[in-house]
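The values are calculated or read from the model by the stated rules, or taken from the named source; none is laboratory data. This structure is a prediction, so every number in the text was calculated from the model and none was measured. Every residue, glycine among them, receives a Cβ derived from its backbone with ideal geometry; neighbour counts consider all protein chains shown.
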């Protein structure tokens, strides 16, 4: 390779803060190599890793941290201003940014909330909420376009997570709107700062209310785990930031997953036929959707505790690393030359990293899988003539290079009156996670 080509590869790629076309941008990064220097919003340098194998190695590497306060000199020294639009993603003090013993302590405190048994016990309530939403849709005039993201994909996981954490009905819309804005990576400094202040005010109000009147919800349970003086519990900031993590991740992932699965099936009629006939299962659809359209496209940030050699590139100690789950999911080295294609029968459909890997693997993954495994067969059974009501290119993105989803999903529900078709198997959450 000539010198000019090498110099070109070393030039950082300025990422699009709006995430307008995440997969096209990821493909351009992959052309330059599996580990590429990039520029984040605000002119902040980092490394983007798009290789499945290398990301998996990063996620278990002992010299890779998620704690900016300990291992990102640019943050520690103030080179990154505290009003940086993405500062909330790395300044929070929860298990998502913890390292070593702190991570073990925080994860242990919340892991009991998402055991397989406790998640499976939620199925009847998830089915009840799903049926209620479908009843409401069925009451609409046939042929009238409806935004399925707003009317189904969104309210299902939001209601589930709000009930789990005891969030009052009257507070849900405002809290959801504020959390949604945190995923928008093209906000101005002022917009991000104002939104962060509103968000913490709402979470503080929730904690204050639950302390005064605790209930049988996870917020009250986390408050009970507050620091008892021996350092094993949650500090005030850890409590609030853990609530932020669990509430936001508890619905954003599932909204995007439902939306992408519906869109992929409606735009791939042969694959939908295979689901209807039982040739592939709903669990297969869920896993393949997670692979080809991960709900989180990029995960900020990790830091090199020491120099790390990765894919022929040395990431210097203290540098920031952006993990591209969109890159891992469509990595041809892992999934073949047709990695961009949606195929629920693909042998590697379960071999994705969309819920993480290693010690930071998502605790809420079983809940997300449960909700989607209930929602999809119920939706397609109730509305067998479901069809898109707008071209795919008009659905819009979420103004984020972190969250991967459609801004809207207009559909027509079809004839409500004819008998629904039988839709393959109805997988349990255990089948969906096997």
Only one of 207, 262 is modelled with pLDDT of 90 or more, surrounded by 14 or more Cβ atoms within 10 Å (Cβ to Cβ), more than 20 Å from the chain's Cα centre (by Cα) and on the phi < 0 side of the Ramachandran plot; which?
207
In the stretch 267-285, residues that are closer than 19 Å to residue 383 by Cβ and either touching a helix residue (DSSP H, G or I) at 6+ places or on another chain (Cβ under 7 Å) or crowded, with 24+ Cβ neighbours inside 10 Å (or both) total 6
Filter the stretch 108-121 down to the residues that are closer than 15 Å to residue 221 by Cβ and crowded, with 17+ Cβ neighbours inside 10 Å, then identify the one that is nearest to the chain's Cα centre (by Cα).
114
Looking for something surrounded by 22 or more Cβ atoms within 10 Å (Cβ to Cβ) and part of a strand (DSSP E or B) - is there at least one such residue anywhere in the stretch 220-235?
yes
List the helices (runs of 4 or more DSSP H) inside the stretch 242-335, counting only whole elements, that have at least 3 residues being over 30 Å from residue 12 (Cα atoms) and out of contact with any strand residue (DSSP E or B) (no Cβ under 7 Å at 6 or more places or on another chain).
269-276, 282-292
How many residues are within 15 Å of residue 74 (Cα to Cα) and free of Cβ contacts under 8 Å to residues at least 40 places away in the same chain if we restrict to the stretch 33-48?
2
Condition broken by residue 105, with the remaining ones in (1) touching a residue at least 24 places away in the same chain (Cβ under 8 Å); (2) part of a helix (DSSP H, G or I); (3) touching a helix residue (DSSP H, G or I) at 6+ places or on another chain (Cβ under 9 Å) satisfied
(3)
Is there any pair linking a residue in the stretch 56-70 that is closer than 16 Å to residue 362 by Cα to one that is at pLDDT below 95 and surrounded by fewer than 16 Cβ atoms within 10 Å (Cβ to Cβ), with Cβ under 6 Å and at least six apart or on different chains, and which?
59/358; 60/358
Considering each of 380, 355 in turn, give the residue that is buried (at least 21 other Cβ atoms within 10 Å of the Cβ) and outside any helix (DSSP H, G or I).
355
Going through the stretch 118-136 in order, the residues found to be part of a helix (DSSP H, G or I) and in contact (Cβ under 8 Å) with a residue 60 or more places away in the chain are 119, 120, 123, 126, 127, 130, 131, 134
